[in-house]
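The values are calculated or read from the model by the stated rules, or taken from the named source; none is laboratory data. Keep in mind the model is a prediction, meaning the values are calculated, not measured. Here Cβ is always computed from backbone atoms with ideal geometry, including for glycine, and neighbour counts include all displayed protein chains. Surface areas here come from the heavy atoms of the whole protein model, side chains and all, with no ligands, DNA or RNA. Shrake-Rupley method; radii C 1.70, N 1.55, O 1.52, S 1.80 Å.
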Amino acid sequence: MRKQRWSISRVIGAIALILLAVIQLFPLIWLVDFSLCKSDQLFTSGILVWPEEFQWGNYVTALTESNFLHYLFNSILANALAVILVIIIAIMASFACTRMHWKLRGPTSILLMMGLMIPIHATLLPNYMIFDRVGILDTLFALLIPYVAFSLPQGFFLTSSYMDSVPRELEEAAIMDGCGIYRTLLVIVLPMMKASIATVAIMTYLNNWNEFIMAMTFLSSPTWKTLPFAILEFTGQYSSDYAIQFAVMTLSALPAIIIYICLNKHITKGVAMGAVKG
């Protein structure tokens, strides 16, 4: 009887998880489905459409028309630099706040963590005025500064939580062997924080990949515009060709989806290990 109850509960749990997965994946399936159809096939009574012939030309148009590849390069460059800067600053700040003793250690940690509570929209106007005065509007720095600033609190939280769980005896032994602060950090601490660093990198990348409101506010020329602008341009240029718009949206989401699928285990592992101290 117990085995029967256990099997029934497992079946119910599996069905619930499958339904949840289908609900979560349906928008992506719907997006890919419509991107492979002709525009005149989209106005049907069904939720999904089985195309008479797969329209791969929609993706060719999306890649060749407008500035899609240019915007893709800008997104990759801005996100890669933001990830590198966030990792470096978060690790240095975490080491200073968890391992070093100085008067403003506590207030500095609180100040960095308070960044989690600041909404993006509240900073748009003051940032715009500051960037305009220093002359960095419509440049790569206009994106990097807010991207790093809004990703740093989360990165600091994850790295400091994980670094707090690293045994101090290892660092003390390294210092006894003649290692300085920087060598101890690079040789002893960082190799033990691979999961946490990977988590910070992935979450920073995913959070900034589809960001639009700051890019729309701080950028005006196509020079440094990012991938969401491709969707905006195709919406205006192909206002009646919805299939091509779906193809552009699919291509825009594809890099983030691939990275998340490939590195999902690192996110789970990093968050779980960083949340357990001691």
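Numbers for the structure displayed
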read-out: Principal-axis tilt of helix 228-237 within the chain, Cα atoms, nearest 10 degrees; value: 20
read-out: Whole-percent carbon and sulfur share, accessible surface of the chain, 1.4 Å; value: 71
read-out: Cβ-derived FRET efficiency at R0 35 Å, residue 113 paired with residue 42, nearest 0.05; value: 0.15
read-out: On Cα atoms only, tilt of 124-134 relative to the major axis of the chain in degrees; value: 70
read-out: Using alpha-carbon coordinates, inclination of helix 105-114 to the longest axis of the chain, degrees; value: 10
read-out: Prolate/oblate/rounded call for segment 10-90, Cα gyration tensor, a/c under 1.5 rounded; value: oblate
read-out: Å² per residue, accessible surface of segment 1-133 at 1.4 Å; value: 71
read-out: Residue 179-residue 10 pseudo-label distance in nm [points 7 Å out on the Cα-to-Cβ vector]; value: 4.5
read-out: Per-residue [θ]222 nm for the chain (sum of -39500 (n - 2.57) over DSSP H runs n ≥ 4, rounded to 500); value: -23500 deg cm²/dmol
read-out: Spacing of the two label points (7 Å from each Cα toward its C-beta) at residue 59 and residue 194, in nm; value: 3.3
read-out: Gyration tensor over alpha-carbon atoms, segment 51-166, equivalent ellipsoid semi-axes in Å; value: 37, 20, 12
